[in-house]
Amino acid sequence: MKSVVVTETMQRDGEEFILACVSNSDGVIGLCDTSRNAKTALWETFYVDGQALVNIVQQSVNNNYSNKLIWQASSREKCNEQLRTILTTAADNYFLYEQSLQRSISPVLELLSDGLYVIHTSRMIPTDGAGNFFWNAYLVKHEFTGSATMSASIPPEKNYKPCFLIPTVNMAAYNETRLRLQAEKIRNDKKVGGIAYHVTGMFCALLEGHHAATASVMEGSDFNCIVIEPVRNLLFENEEKAKAEGRSPKAIALSTPFVKIPVGTVPKNMLEMFLMKRKSARPEIYHQIRISSDRMIRYRNQRLIPKVVYDNVEKLPDCEMVESASVIDKITDEQLDALLQGETTLNGNVIINQNYYSSIVTACNFLQFTDRKRFIEFAVNILYNTELTAVHMYIANRVSSIMNPRLNDVFNEIVDSTDSAYDPVRPMAMEYKKQFKAYTEQKLADSLRSSSSKPFSEEIPVSFGAAIPGDSDMVSAINKAKNEVNAKIFSLNT
């Protein structure tokens, strides 16, 4: 019997999304509880077509704020060809051929296990949330920051977009030709993207688009996905208010990371499906999935991902940055000035929170995620202020992978300074100087090779992972060096 899919189009802050109710499904794609002993650890397994692909294990069974173990158990390549075609076609229809979200994703919705789902599109970050390329980051089981069911830093009523990726395809399937084809699409201004399924916290399993994600990192472009979020949680009203009125807190919304849907706006049939299936649907092939979930994927492929991919992922936002960007909506220059003066309040209002170090960390992460130019300015001002030495090491770590002339100047001054306040951070400043010199020399050498010793006729473009977007200082520095080389070439020729 064919699955029954009922959808409603809704909006969140002007952004459209789909609420989908799936029933009578064969449960080809889904999450199920595969716990061995629920008293010692809570296991969930993301499966496709009977294959246990990803395991998510919460070891602190009574603490939903604890991070989880995540690892790959198998590969989607073992699934039937028809299923893989459905996923690839859905992604291409939406991103490449610009069909509507509803029309593109409908064939995939029919494969989901019974339940309620939110469907939206989002920019994804192809890492594990800690600066490691996603495709080979889950070969060993370990805890991942940001994987907890409940975030310790993001309030439950706040919306956020889970953006870090877990692969569902063995890296042995990596193919240079497929990567090159995806990269060519990006260079020709064609859209590429994928399909992701939210499994926990900040993490989604990437169902489709592994080569597209890799190409996007390589080319320095955003990687977007159609995101499927199972609706599994309720948002309750303020507990203190309910207690003051002598009653239990009421459920006020269906909750996913992306959106909180007021209960009163959800159609009755969808609400019933949510209440029946919200915890975990058990497919007919449950025992097969449970047994196979014990495995760990093996990677024996010797072919290497291009080095530029690993270089570029270091520049991508990490989990701390994304969480900070979700905690606060904006921060003004006036508030930043107050923080630089050691204050946590402005005009009687708390800027971020009462803890100064925490406020600085949150402000830095927020700016690095949303406004790199302001972030560098803020970081430089902190490093110049010897009264803020408590946060110097944190700031130096944050900017260590950003090659920028302004940062290079401040680190040069720290190295040359005799002020003992800079003693802890001086070794990092010396290392940054070396990296910056090597970086600029490499950029110049690359430019010379690409020009075959001909004079440069254009400015170096600011590419992802090189200079900061919108930062003309780096471009000017390199173009100045190029002009000097041109002059030498000209003098030799004449």
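Bear in mind that the values in this text are calculations on the coordinates, not laboratory data. What you see is a predicted model; the values in this text were computed from it and never measured. Cβ placement follows ideal geometry from the backbone for every residue including glycine, while neighbour counts extend to all protein chains displayed.
Distance from a point 7 Å along Cα→Cβ of Asp13 to each backbone N in region 156-193: keep the residues under 20 Å and list them by number.
Within reach of a label on Asp13, which here means backbone N under 20 Å from a point 7 Å along Cα→Cβ, region 156-193 contributes 156-164.
Show me the chymotrypsin sites (Phe, Trp or Tyr not before Pro) within region 275-357 that DSSP assigns to loop and that have at most 16 other Cβ atoms within 10 Å of their Cβ. Before the final figure, lay out each step's value.
On the way: sites: Tyr286, Tyr299, Tyr310, Tyr356, Tyr357; in loops: Tyr299.
In loop regions of region 275-357 (DSSP not H, G, I, E or B), the sparsely surrounded chymotrypsin sites (Phe, Trp or Tyr not before Pro) are Tyr299.
To the nearest Å, what is the center-to-center distance of region 179-230 and region 316-362, using C-alpha atoms only?
Each part reduced to its Cα centre gives a spacing of 31 Å.
Enter the angle in degrees (range 0 to 90, nearest 10) between the Cα long axis of helix 426-451 and the first principal axis of the Cα atoms of the chain, meaning the one along which they spread out most.
90 degrees
For Tyr394 and Gln102, FRET efficiency with R0 = 56 Å and r from the beta-carbon atoms, rounded to 0.05?
Efficiency, rounded to the nearest 0.05: 0.80.
Could you tell me what fraction of 2.2 N^0.38 Å the Cα radius of gyration of region 340-397 comes to, as a two-decimal ratio?
1.07
When Rg is the radius of gyration of the Cα atoms in region 4-313 and Rh is its Kirkwood radius, what does Rg/Rh come to? All intermediate terms of the calculation are to be shown ahead of the outcome.
Numbers: Rg = 19.1 Å, Rh = 19.9 Å.
That ratio equals 0.96.
Between Asp294 and Glu237, what is 0.36 nm times their sequence separation minus the Cα-Cα distance? Round to one decimal in nm. Could the numbers behind the result be given before it?
Values: separation 57, 0.36 × 57 = 20.52 nm, distance 3.93 nm.
Extra length from Asp294 to Glu237 when fully extended: 16.6 nm.
How large is the convex hull of the C-alpha atoms of region 326-439 per residue, in Å³? Before the final figure, lay out the partial values.
Numbers: hull volume 10.6 nm³, N = 114.
That works out to 93 Å³ per residue.
Which whole-number percentage describes the relative contact order of the chain, with Cα contacts under 8 Å and a sequence gap of 6 or more?
Relative CO of the chain lands at 13 percent.
With a cut-off of at most 16 other beta carbons within 10 Å, and DSSP calling the residue loop, which GluC sites (Glu not before Pro) in region 324-384 qualify? Please list them.
Numbers: sites: Glu334, Glu343, Glu377; in loops: Glu343.
Here the sparse-neighbourhood loop sites are Glu343.
Among Phe144, Pro167, Ser255, flag the residue with its Cα farthest along the positive direction of the charge dipole of the chain, charges on Cβ as +1 for Lys/Arg and -1 for Asp/Glu.
The one lying farthest along the dipole's positive direction is Pro167.
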